[in-house]
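All remarks here apply to the structure that follows.
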Amino acid sequence: MHQRILILDYGSQVTQLIARRVREAGVYCELHPGDVTDEFLRGQLAQGLKGVILSGSHASAYEEDSLKVPPAVFDLGVPVLGICYGMQAMAQQLGGEVSNADHREFGYAEVRARGHTKLLNGIEDFSTPEGHGMLKVWMSHGDQVTRLPDGFKVMASTDSCPIAGMADEARGFYAVQFHPEVTHTVQGQALLNRFVLEICGCVGDWNMPNYVEEAVARIREQVGDDEVILGLSGGVDSSVAAALIHKAIGDRLTCVFVDHGLLRLDEGKQVMKTFAENMGVKIIHVDASSQFMGKLSGVTDPEAKRKIIGKEFVEVFQSESGKLKQAKWLAQGTIYPDVIESAGAKTGKAVAIKSHHNVGGLPDTLNLKLLEPLRELFKDEVRKLGVALGLPHGMVYRHPFPGPGLGVRILGEVKTEYADLLRRADAIFIEELHNHIDKASNLSWYDLTSQAFAVFLPVKSVGVMGDGRTYDYVVALRAVQTTDFMTADWAPLPYPLLAKVSSRIINEVRGINRVVYDVSSKPPATIEWE
Ligand code: XMP
């Protein structure tokens, strides 16, 4: 059993970042809704609970209907860290006062550390001529604590927010008005490390290479002598799940790899090479491309295309898995953000912009038990686990690829001819992103972008090549930088890189005579074009 930190979520956009930072400190943590019961909290003590973090929120702590911190948090006997709303709720509930501030603070701020608390002692970005330690932080609040609860002292302040941090060190209660979890708070990781490792006393027993053995043992215990099926897509999550389960139960795992004909260049071959040839994983490779193309013929509406691809995928998978009579389990590469999001989706607040399809969306009618060995991991942990399991670096650090594949990158009707042209153009773009190294960071532009791909536009434009006129298709290049894929900026790719990609595509891919670069951010555009 791992020591754990519990993060109670009051609805801030950045709560997940707290969890990622705690994990980066080498400490296991779980994120739960802010209104869990006292009973649940007390039960956590037997699960190795070492501390609690209260997240931010849009709400005001002094409003009647705002979410309250469960009272047990303050008598569990473990340290508590309140962040933003978490600080205000702590103050309000322990007898202090919170008011609407005269000066709202959003964005960069400089905070002066005070009172030599264990949390901030020795952590600073610079010091003033008078010798005060200063922190560069990110603030986002309209309310602030205006009176300390009994037993607390001021831990940090700014000119407009005299109580920007508070502490009751005897009880191990700390709170900050700013957000240590965002990278704009320069010492944020140092502060969270200090809290979980020194104040909560966690030993830092959470890391991916060690997790392999633990996860293998758990899968063996869960599955016993049964057989397992897994839908392999070539993406990071299903690949790492396959490698992990294969390590645990060997050839009692069968993977079903459905090639819908909308994969990237040579992707099918690569998946077979890595898993079947190199690792000896049993794979059923279903080439269903003509079936998918048939169903997509004549369909131009993006949502209709997505639905067809999703439905067809499930049918093909179901008929293949139905042949594996021995299998009792269906393995999926569900990861922790999916778990958190589907819990959040139950509140009905999410708005569907696009219907998402992925291998995880298989129906209950398969009558199989679910095996989800990555359920507690974040994406960066899944990648580290993949490396620890020996998967190729390039596969594990690949940009994400949508379930409907090139189907949402060929605008309008999907045709094999278009898919073939797009695959070749896309491969050239990706190759050049790898080839171009940014001197300042020494990273390739592939690593400097979060997702990059080519989009096929089924319009023709006039060009000239040699002595002749051409009348061919257009390809758009898309490259974005993002941390959460909810918002994204178009990537400022260097002109020489764009020039090289454009000239290679036009010269090497006959049928394309024009390349354009997409300079739209999300929002208002989305990352994919459909
Ligand atoms: P959008 O286009 O909504 O994309 O800005 C955000 C991220 O989601 C990916 N995406 C999908 N992934 N199934 C998936 O597994 C889908 O149907 C799907 N649609 C979009 C997209 O590639 C980007 O990373």
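The values are calculated or read from the model by the stated rules, or taken from the named source; none is laboratory data. The model shown is predicted, which means the values in this text are computed figures rather than measured ones. Neighbour counts are summed over all protein chains in view; Cβ atoms, including those assigned to glycine, are modelled from backbone coordinates with ideal geometry.
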For GLN318, work out the one condition from (1) modelled with pLDDT of 90 or more; (2) in a loop (DSSP other than H, G, I, E, B); (3) away from the ligand (no atom under 12 Å from the Cβ); (4) not β-branched (Val, Ile, Thr) it doesn't fulfil.
-> (2)
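Before we move on, is GLU431 outside any helix (DSSP H, G or I) and at pLDDT 95 or above? Steps first, please.
Numbers: outside any helix (DSSP H, G or I): no; at pLDDT 95 or above: yes.
When the stated conditions are applied, GLU431 does not pass them.
Tell me which residues, restricted to the stretch 376-410, are over 27 Å from ALA476 (Cβ atoms) and not in a loop (DSSP other than H, G, I, E, B). Working first, answer last.
Step one: filter the stretch 376-410 for residues over 27 Å from ALA476 (Cβ atoms), giving 376-378, 380-393, 396.
Result: ASP380, GLU381, VAL382, ARG383, LYS384, LEU385, GLY386, VAL387, ALA388, HIS393, VAL396.
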Do the conditions hold for LYS247, that is, is it modelled with pLDDT under 95 and either within 27 Å of the chain's Cα centre (by Cα) or of a type in the set (D, E, K, R) (or both)?
-> no
Out of the residues in the stretch 61-98 that are of a type in the set (Val, Ile, Thr) and touching a Gly at 6+ places or on another chain (Cβ under 6 Å), which is farthest from THR15 (Cα to Cα)?
-> VAL78
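Pick from the stretch 342-365 the residues that are in a loop (DSSP other than H, G, I, E, B), out of contact with any Phe, Trp or Tyr (no Cβ under 8 Å at 6 or more places or on another chain) and within 16 Å of the ligand (Cβ to nearest atom): which of them is modelled with the lowest pLDDT? Steps first, answer last, please.
In the first step, residues of the stretch 342-365 are kept if they are in a loop (DSSP other than H, G, I, E, B); the result is 346-358, 362-363.
From the residues that got through so far, the ones that are out of contact with any Phe, Trp or Tyr (no Cβ under 8 Å at 6 or more places or on another chain) too are 346-356, 358, 363.
If we keep only those that are within 16 Å of the ligand (Cβ to nearest atom) as well, we get 350-356, 358.
Working: ALA350: 41, VAL351: 45, ALA352: 49, ILE353: 55, LYS354: 53, SER355: 57, HIS356: 55, ASN358: 50.
Ranking the qualifying residues of the stretch 342-365, first place goes to ALA350.
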Within the stretch 29-45, the residues that are within 18 Å of the chain's Cα centre (by Cα) and surrounded by fewer than 20 Cβ atoms within 10 Å (Cβ to Cβ) are GLU30, HIS32
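Looking only at residues in the stretch 366-397 that are among the basic types (Lys, Arg) and surrounded by fewer than 20 Cβ atoms within 10 Å (Cβ to Cβ), which one is farthest from the ligand (Cβ to nearest atom)?
Within the stretch 366-397, the first condition is being among the basic types (Lys, Arg), and the residues that meet it are 369, 375, 379, 383-384.
Subset that is surrounded by fewer than 20 Cβ atoms within 10 Å (Cβ to Cβ): 369, 375, 379, 384.
Values: LYS369: 23, ARG375: 17, LYS379: 11, LYS384: 20 Å.
Ranking the candidates gives LYS369 first.
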Identify, from the list ILE229, ILE219, the residue that is touching a residue at least 60 places away in the same chain (Cβ under 8 Å), touching a Pro at 6+ places or on another chain (Cβ under 6 Å) and not assigned by the TED database to the domain that holds VAL52.
-> ILE219
Using the structure shown, decide if SER461 is among the polar types (S, T, N, Q) and assigned to a strand (DSSP E or B).
-> yes
What are the pairs, 6+ residues apart or on separate chains, where a residue within the stretch 408-423 that is surrounded by 16 or more Cβ atoms within 10 Å (Cβ to Cβ) has its Cβ under 6 Å from a residue that is outside any helix (DSSP H, G or I) and charged (D, E, K, R)?
-> VAL408/GLU528; VAL408/GLU530
Can you tell me which residues in the stretch 268-281 are crowded, with 19+ Cβ neighbours inside 10 Å and part of a helix (DSSP H, G or I)?
-> VAL271, THR274, PHE275
If you check every pair at least six apart or on different chains, which have Cβ atoms under 6 Å apart with a residue in the stretch 272-301 that is assigned by the TED database to the domain that holds GLY322 first and a residue that is of a type in the set (Lys, Arg) second?
-> VAL299/LYS305
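Can you pull out the residues in the stretch 489-530 that are within 16 Å of the ligand (Cβ to nearest atom) and either hydrophobic (A, V, I, L, M, F, W, C) or touching a helix residue (DSSP H, G or I) at 6+ places or on another chain (Cβ under 8 Å) (or both)?
Taking the stretch 489-530 and keeping what is within 16 Å of the ligand (Cβ to nearest atom), we get 489-491, 518-530.
Selection gives TRP490, ALA491, VAL519, ALA525, ILE527, GLU528, TRP529, GLU530.
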Within the stretch 446-461, track down each residue that is in contact (Cβ under 8 Å) with a residue 24 or more places away in the chain and over 17 Å from ILE527 (Cβ atoms).
-> ASP447, PRO458, SER461
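One line per residue, one yes/no per condition, for (1) assigned to a strand (DSSP E or B); (2) of a type in the set (A, V, I, L, M, F, W, C); (3) more than 29 Å from the chain's Cα centre (by Cα); (4) within 19 Å of VAL14 (Cα to Cα):
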residue	(1), (2), (3), (4)
ASN100	yes, no, yes, no
PHE106	yes, yes, no, yes
THR117	no, no, yes, no
ASN121	no, no, yes, no
GLU124	no, no, yes, no
PRO129	no, no, yes, no
LEU135	yes, yes, no, no
TRP138	yes, yes, no, yes
ASP143	yes, no, yes, yes
Scan the stretch 218-229 and give yes if some residue there is buried (at least 18 other Cβ atoms within 10 Å of the Cβ) and out of contact with any helix residue (DSSP H, G or I) (no Cβ under 8 Å at 6 or more places or on another chain), otherwise no.
-> no
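In the set VAL111, VAL176, which member is touching a helix residue (DSSP H, G or I) at 6+ places or on another chain (Cβ under 8 Å), at negative phi and surrounded by 18 or more Cβ atoms within 10 Å (Cβ to Cβ)? It would help to see each step written out before you state the result.
On the way: VAL111 fails: touching a helix residue (DSSP H, G or I) at 6+ places or on another chain (Cβ under 8 Å).
After applying the criteria, what remains is VAL176.
Go through the stretch 489-501 and give me each residue that's surrounded by 15 or more Cβ atoms within 10 Å (Cβ to Cβ) and without any contact (Cβ under 8 Å) to a residue 24 or more places away in the chain. Spell out the reasoning first.
The first filter runs over the stretch 489-501 and keeps only residues surrounded by 15 or more Cβ atoms within 10 Å (Cβ to Cβ), leaving 490-491, 493, 497-498, 500-501.
Matches in the stretch 489-501: LEU498 only.
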Out of the residues in the stretch 454-488 that are more than 20 Å from ALA419 (Cα to Cα), away from the ligand (no atom under 16 Å from the Cβ) and loosely packed, with under 12 Cβ neighbours inside 10 Å, which is farthest from the chain's Cα centre (by Cα)?
-> ASP467
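Conditions (1) part of a loop (DSSP other than H, G, I, E, B); (2) at pLDDT below 95; (3) closer than 22 Å to GLU381 by Cβ, marked per residue:
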| site | (1), (2), (3) |
| --- | --- |
| MET1 | yes, yes, yes |
| ILE7 | no, no, yes |
| ARG21 | no, no, yes |
| GLY26 | yes, no, yes |
| GLU30 | no, no, yes |
| ILE53 | no, no, yes |
| ALA59 | yes, yes, no |
| GLU64 | yes, yes, no |
| MET87 | no, no, no |
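I'd like the full set of residues that are buried (at least 18 other Cβ atoms within 10 Å of the Cβ) and among the aliphatic types (A, V, I, L, M), limited to the stretch 124-147. If you could, list the steps in order and put the result at the bottom.
Step one: of the stretch 124-147, the residues buried (at least 18 other Cβ atoms within 10 Å of the Cβ) are 124, 133, 135, 137-141, 143-145.
Result: LEU135, VAL137, MET139, VAL145.
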Just for the stretch 200-214: of the residues that are touching a helix residue (DSSP H, G or I) at 6+ places or on another chain (Cβ under 6 Å) and either assigned to a helix (DSSP H, G or I) or aliphatic (A, V, I, L, M) (or both), which one is surrounded by the fewest Cβ atoms within 10 Å (Cβ to Cβ)?
-> PRO209
